[in-house]
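I have placed the structure first, in the form of structure tokens, so that the comments after it can refer back to it.
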Amino acid sequence: MSAQGPQICVVQWGPRGTQAPYPFNLGVFLNIVEDDMERASYQRLSNLGYRMQPPPASVAAFQGDYGQTNGLTVTGKLDANTMKAIKTVHDACFHRLAN
């Protein structure tokens, strides 16, 4: 834990009536590293559920899902337009959760 608090929160869940250990979990980055755009983009992709390996697969999946509305081509490359779209989608989702 840093002086700022925890960096990741692990959310666990399962079908109704399931008891621990739960079959599903997702580590959610709480403090996005804004001074490193590439790292921040991968953290946001992870929060959005894009956790494929190798990482270009996550980028390509996001581009496929959001490319039409954000003018992206599916390349698997983390270019400036893709990073901007990832931030926009992520921040809109997390803004709704916070309010």
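Computed from the coordinates by the stated procedures, all read-outs in this text should not be read as laboratory data. This structure is a prediction, so every number in the text was calculated from the model and none was measured. For neighbour counting, all protein chains shown are included, and Cβ atoms are generated from backbone atoms with ideal geometry for every residue, glycine included.
The table for this structure:
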quantity	calculated
Qualifying residues in the range 30-73 (those that are touching a Phe, Trp or Tyr at 6+ places or on another chain (Cβ under 9 Å) and in a loop (DSSP other than H, G, I, E, B)) - the one farthest from F94 (Cα to Cα)	L72
Odd one out for I86 among (1) touching a Ser or Thr at 6+ places or on another chain (Cβ under 9 Å); (2) without any contact (Cβ under 8 Å) to a residue 24 or more places away in the chain; (3) among the aliphatic types (A, V, I, L, M)	(2)
Where a residue in the range 17-36 is of a type in the set (S, T, N, Q) and its partner, wherever it lies, is loosely packed, with under 12 Cβ neighbours inside 10 Å, with Cβ under 7 Å and at least six apart	N25/V10; N25/V11; N31/Q4
Single unsatisfied condition, D36 versus (1) under 14 Å from the mean Cα position of the chain (by Cα); (2) surrounded by 10 or more Cβ atoms within 10 Å (Cβ to Cβ)	(1)
